[in-house]
Amino acid sequence: MKKTFLTIAAALLMCVPTFAQQQQKVDVEGLLKKIEKSDATIANEKKAAKASNWVKRAEIMMEAETAYTSNIYETMEANMVLMLLGNPATQEQAEVAGNPYLKMGYEGFAIYLGADQRVKGWEVPNPVYPGAVDKAIEAYNKAYDLNPKLAKKTAEGYQKVISAIQKDAGNYYFLRDFDKAAQCFEKAYEVSLMPAAGVSVDTLSIYNAGFTSYFSGDFERSVKDLLIAEELGFYQDGELYNVLYNSYRSMCGEDKEKLAGAKEFLLRGLKQFPGNSNIITCLTDLYLALGENPEEIVPLVKTAIESEPTNAMLWYGLGSVYKELKNYEEAMKAFEEVIKLDPTNSAAHYFIGYLYVLMGDAKNDEVNAMPWTGRESYDREYQKVLDLYAQSVAPFEKAYELNPNEIAFAEYLKVVTFKLRDMDPQYQEKYEKYNEIFKQMSGK
């Protein structure tokens with residue numbers, strides 16, 4: 001793969017027009033002179049009293065902040081990079097999180113290309129002026145304080161500041177520097193709160209700050225930021241509670257008294273998103289960790305169903321609860337209700353198939369634990385296992401029919417039909433079909 005990757009890159013370089021053959025360079029010295037001049041300006045008491053000088057300073061700082069990557073963005077095509085920047089000084093194979101990339105080195109920075117020949121990220125080891133974005137924020141705030149009539153001007157500047165910070169955050173996330181990514185997301189949110197910014201509160205960034213803090217291992221910051229996101233009404237379809245719980249659980253460690261505090265926000269989440277199976281999984285885990293009976297969750301969902309009996313997602317939530325409790329019969333009934341209300345719900349069809357597989361696995365364990373009494377009796381009991389697996393095929397196929405892009409549906413069809421291939425020729429045909437589909441979807 002390495003050889004092919006680099007060969008493609010070399011071919012791209014040969015296609016670059018002659019006017020772009022020379023690598024473009026950032027005028028670092030010129031930018032530093034501008035900053036030096038701005039420092040002298042604000043050091044002058046009379047000049048520092050003019051809001052326009054602070055606006056100009058902010059613009060210079062942002063020019064320094066984005067000097068290397070202002071024209072680069074994620075998904076940018078390689079040939080466009082070469083058109084804009086010229087040939088890289090170096091090319092080498094690099095890995096980020098185990099994935100291969102082509103690292104193109106330019107003076108002062110490097111760009112990572114994916115196998116699709118698009119930009120995935122970049123590195124700037126030595127910024128033109130470290131902390132430039134903070135200086136820009138300070139300058140825009142000062143300009144606004146001196147002359148609130150410049151609100152439109154500062155708002156335009158702040159939008160560029162926030163965009164630049166978000167861009168850095170996304171890039172740090174690509175580089176798997178989750179701590180810096182979280183810091184940037186937090187900063188983008190904090191800037192959006194400033195009166196001089198004149199923009200809406202950046203709820204997405206504070207959620208992302210909590211999300212990336214979880215991966216960085218800073219669980220306290222993750223919990224803090226996610227609770228802010230919840231307060232602001234940014235729930236990410238309920239997934240906020242899943243991340244929040246996992247961060248909270250990691251933060252609490254073995255302290256059960258402290259962990260019990262998670263029940264409050266998880267119940268809030270369940271009330272708003274009763275069909276979110278991850279919230280239900282978290283609640284079940286919490287009850288078990290606290291030594292409490294997770295069946296207490298059932299009445300909560302049933303009460304909601306009594307108020308809205310035609311709400312398919314409530315029934316879906318009930319099915320998820322029973323599935324976690326290993327009450328497969330009641331889970332099956334609940335998912336069947338989902339399908340009555342919403343026949344196109346592929347997940348409900350899938351879970352019915354999945355429950356048959358779980359029951360088949362349980363029966364298989366039971367058969368294997370039986371004392372040996374002869375081949376005939378074993379075959380008779382094992383047929384019951386196969387019958388349960390066979391009942392999973394139709395719901396799995398319906399799920400796949402409704403959502404052919406979901407790889408899990410194809411994978412389970414492959415696995416189950418493989419188990420049934422000697423039972424009936426139709427299952428051998430189905431196995432060959434879904435095995436091929438799974439290979440294409442997974443690239444294996």
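The values are calculated or read from the model by the stated rules, or taken from the named source; none is laboratory data. Worth saying up front: this structure is predicted, and the values here are computed from it rather than measured. No Cβ is skipped: glycine too gets one built from the backbone with ideal geometry, and neighbour counts run over all protein chains shown. With ligands, DNA and RNA removed, areas are computed over all heavy atoms of the protein, side chains included. Shrake-Rupley method; radii C 1.70, N 1.55, O 1.52, S 1.80 Å.
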For segment 228-254, give me each residue that is open to solvent by 40 Å² or more (accessible area, probe 1.4 Å), assigned to a helix (DSSP H, G or I) and more than 18 Å from residue 188 (Cβ to Cβ).
237, 239, 246, 249, 250, 251
Could you tell me whether residue 366 is part of a helix (DSSP H, G or I), open to solvent by 40 Å² or more (accessible area, probe 1.4 Å) and closer than 30 Å to residue 405 by Cβ?
no
Every residue in segment 75-99 that is closer than 19 Å to residue 170 by Cα, open to solvent by 40 Å² or more (accessible area, probe 1.4 Å), touching a Phe, Trp or Tyr at 6+ places or on another chain (Cβ under 9 Å) and not in a loop (DSSP other than H, G, I, E, B), please.
95
Give the residue that is nearest to residue 127 (Cα to Cα), with candidates limited to residues of segment 36-74 that are open to solvent by less than 20 Å² (accessible area, probe 1.4 Å) and of a type outside the set (A, V, I, L, M).
69
Across (1) assigned to a helix (DSSP H, G or I); (2) under 30 Å from residue 163 (Cβ atoms), residue 257 clears everything bar (2)
Kindly provide the set of residues from segment 226-253 that are without any contact (Cβ under 8 Å) to a residue 40 or more places away in the chain and within 16 Å of the chain's Cα centre (by Cα), ordered by number.
226, 229, 234, 235, 236, 237, 239, 240, 243, 244, 246, 247
Can you tell me which residues in segment 279-301 are farther than 14 Å from residue 322 by Cβ, part of a helix (DSSP H, G or I) and touching a Leu at 6+ places or on another chain (Cβ under 7 Å)?
279, 282, 286, 289
For segment 101-116, name all the residues that are of a type outside the set (Gly, Ala, Ser), touching a residue at least 24 places away in the same chain (Cβ under 8 Å) and crowded, with 16+ Cβ neighbours inside 10 Å.
102, 104, 106, 109, 111, 112, 113
Taking segment 319-347 on its own, how many of its residues are hydrophobic (A, V, I, L, M, F, W, C) and touching a residue at least 40 places away in the same chain (Cβ under 8 Å)?
3
Considering each of 181, 169, 188, 132 in turn, give the residue that is hydrophobic (A, V, I, L, M, F, W, C), open to solvent by less than 30 Å² (accessible area, probe 1.4 Å) and either touching a residue at least 60 places away in the same chain (Cβ under 8 Å) or within 23 Å of residue 47 (Cα to Cα) (or both).
132
Out of curiosity, is residue 319 within 27 Å of residue 355 (Cα to Cα), open to solvent by less than 50 Å² (accessible area, probe 1.4 Å), part of a helix (DSSP H, G or I) and touching a helix residue (DSSP H, G or I) at 6+ places or on another chain (Cβ under 6 Å)?
yes
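Based on this model, can you work out whether residue 269 counts as assigned to a loop (DSSP other than H, G, I, E, B) and out of contact with any Cys (no Cβ under 6 Å at 6 or more places or on another chain)? If you could, list the steps in order and put the result at the bottom.
Numbers: assigned to a loop (DSSP other than H, G, I, E, B): no; out of contact with any Cys (no Cβ under 6 Å at 6 or more places or on another chain): yes.
For residue 269, the condition - assigned to a loop (DSSP other than H, G, I, E, B) and out of contact with any Cys (no Cβ under 6 Å at 6 or more places or on another chain) - is not met.
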